[in-house]
Amino acid sequence: MEEVKKIINRALEEGRSKLLEHEAYRILELYGLPSPKYGLATSVEEVVEIANKIGYPVVLKIVSPDIVHKSDVGGVILNLNKPEEVREAFKRIMSNVKEKAPNARITGVLVQEMIPQDLEVIVGATRDPIFGPVVMFGLGGVFVEVLRDVSFRVVPITEKDAEEMLIEIKARKILEGYRHIKP
């Protein structure tokens, strides 16, 4: 996959060890995996144009290689339903980030289809100095930071490995469906 290589090489050339969110979504698309509709905006005009194209509601998220926890700097605004809200949210995010992370390099603002709030998961990969490439799976969002309930496997993994990763995390009952949370 030539485009995947280009995305990864660009990140490496920029000295990044992590992909930006829109880059990760693009790679998912290239491998045929579902992802929310999205676009990267760098201006108020562009953010509204992308939101109109995606359809409402949308979420806006700051995109920066220097900001890991976007919500901590006021870089995420959810459930925007019309162009005026999107315009104001873009301005507010840029102002928040300028105040709370003044030295952060800003790539743009991700405009993303608002997915009904269910359960987030995290899937990641890294290169361990001893084991080499490894993948990680766990609950996402604040859960990954608070609970640190994740499972790791050395690459390459089999389908059986992936299934085991799902059942190894302590929160697997939540993944299976619990109270108002759908499986």
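Structure notes:
- Some residue of the stretch 152-164 being in a helix (DSSP H, G or I), crowded, with 17+ Cβ neighbours inside 10 Å and without any contact (Cβ under 8 Å) to a residue 40 or more places away in the chain: no
- Residues of the stretch 1-10 that are touching a helix residue (DSSP H, G or I) at 6+ places or on another chain (Cβ under 9 Å) and either modelled with pLDDT of 95 or more or of a type in the set (Val, Ile, Thr) (or both): Glu3, Val4, Ile7, Ile8, Arg10.
- Verdict on Lys70 being at negative phi, at pLDDT below 95 and not assigned by the TED database to the domain that holds Glu145: yes
- Which listed residue, of Pro156, Pro183, Pro133, is of a type outside the set (A, V, I, L, M, F, W, C), at pLDDT below 90 and either under 26 Å from Arg10 (Cβ atoms) or touching a helix residue (DSSP H, G or I) at 6+ places or on another chain (Cβ under 9 Å) (or both): Pro183
- Selection from the stretch 165-181 of residues that are more than 21 Å from the chain's Cα centre (by Cα) and in a strand (DSSP E or B): Tyr178
- Set Glu49, Glu13: member being surrounded by fewer than 18 Cβ atoms within 10 Å (Cβ to Cβ), more than 19 Å from the chain's Cα centre (by Cα), in the same structural domain as Val97 (by the TED database) and modelled with pLDDT of 95 or more: Glu49
- Restricting Leu28, Leu119, Leu78 to those that are in a strand (DSSP E or B) and either closer than 30 Å to Tyr178 by Cα or not assigned by the TED database to the domain that holds Phe143 (or both) reduces the list to Leu78.
The values are calculated or read from the model by the stated rules, or taken from the named source; none is laboratory data. This structure is a prediction, so every number in the text was calculated from the model and none was measured. Cβ sites come from the backbone with ideal geometry, for glycine too, and all protein chains shown count toward neighbours.
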